[in-house]
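The values are calculated or read from the model by the stated rules, or taken from the named source; none is laboratory data. For clarity, every value in this text was computed on a predicted model and none was experimentally measured. So basically every Cβ, Gly included, is an ideal-geometry build from the backbone, and we count neighbours across all protein chains shown.
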Amino acid sequence: MAPNFNTNYSINFSTPKRRKNLIKFIIIHYTGMKKESEAIKKLCDFKSKVSSHYFIKNSGKVLSLVPDLYEAWHAGESKWKNFKSLNKYSIGIEINNPGHNFGYKNFSSKQIISLKKLLKYLIKKYKIKFQNILGHSDIAPNRKKDPGEKFPWRELSQENLCHWHNLSEKNIYRYRKVELNSIKEKIFLKNLYKIGYPKISKDNYNKNKNYLIKSFQRRFRQNLINGRIDKECLLISKNLLKF
């Protein structure tokens, strides 16, 4: 059964319609703007060249901005596994939150309840794998931080709505900040590529490597984002590849 949507039409989408079986991903964003009303306005303003399929307000109300079968403009330059330009293959969900630049805060319980309902509906309708529920920072780590370290990925995973490890965080904590040799660091990076993260470009390699590690940590080790590879990160990456 479809959730209760309110329509707030955006003209920012590509034509023609895409085939239903092209929809393979759901990308979650935060708005990163001070005011909710300004965020909605931007997503509907042709001059902005951005949009999403759905918008979740602070109240939990869900707005439908672009029909699913049209390509909304939310992912930008992006990559996951063998897929590039993920707008073509995804549904974008914006959740209102000021983000890192304007006082990043916890998502409201009403927002997360609505998000879970929406995800369950979309996953069933388009047969999307839980491994393909991603954050904007996953597919564009050198550009984006959203939805960020306060987004409840672990909570969603408990309802099979996204990918998460099954390690005891208490047990692996002792490996935090345990340094790795260069061989094991390379194994960690290879694990990230197998999971789906884009490979580090040779231009500004060290800077982009730091972005990639932080993106992984924002997603799977949310209480310490330092851009450094340690044994805890390695263990999490290995575990994620098991399922």
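Values as computed for the structure displayed
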read-out: Selected residue (only one of Tyr197, Tyr193 is part of a helix (DSSP H, G or I) and either touching a Gly at 6+ places or on another chain (Cβ under 6 Å) or of a type in the set (Ser, Thr, Tyr) (or both)); value: Tyr193
read-out: Residue match in the stretch 122-143 (condition: assigned by TED's automatic domain parsing to the domain that holds Lys57, under 20 Å from Ser59 (Cβ atoms) and out of contact with any Asp or Glu (no Cβ under 9 Å at 6 or more places or on another chain)); value: no
read-out: Tally, over the stretch 199-216, of residues that are more than 16 Å from Gly227 (Cα to Cα) and either surrounded by 19 or more Cβ atoms within 10 Å (Cβ to Cβ) or in contact (Cβ under 8 Å) with a residue 60 or more places away in the chain (or both); value: 0
read-out: The one condition in (1) assigned to a strand (DSSP E or B); (2) more than 22 Å from the chain's Cα centre (by Cα) that Ile27 fails to fulfil; value: (2)
read-out: Conditions (1) within 17 Å of Arg143 (Cα to Cα); (2) loosely packed, with under 14 Cβ neighbours inside 10 Å; number of the one not met by Phe46; value: (1)
read-out: Extreme residue, surrounded by the fewest Cβ atoms within 10 Å (Cβ to Cβ), among residues of the stretch 156-173 that are without any contact (Cβ under 8 Å) to a residue 24 or more places away in the chain and not in a loop (DSSP other than H, G, I, E, B); value: Lys170
read-out: Enumeration of residues in the stretch 1-24 that are in a helix (DSSP H, G or I) and within 17 Å of Asn96 (Cβ to Cβ); value: none
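Table: residues versus (1) small (Gly, Ala, Ser); (2) surrounded by 17 or more Cβ atoms within 10 Å (Cβ to Cβ); (3) in contact with a Lys or Arg (Cβ under 9 Å, 6 or more places away or on another chain).
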| site | (1), (2), (3) |
| --- | --- |
| Asn96 | no, yes, yes |
| Lys125 | no, no, yes |
| Arg154 | no, no, no |
| Asn181 | no, no, no |
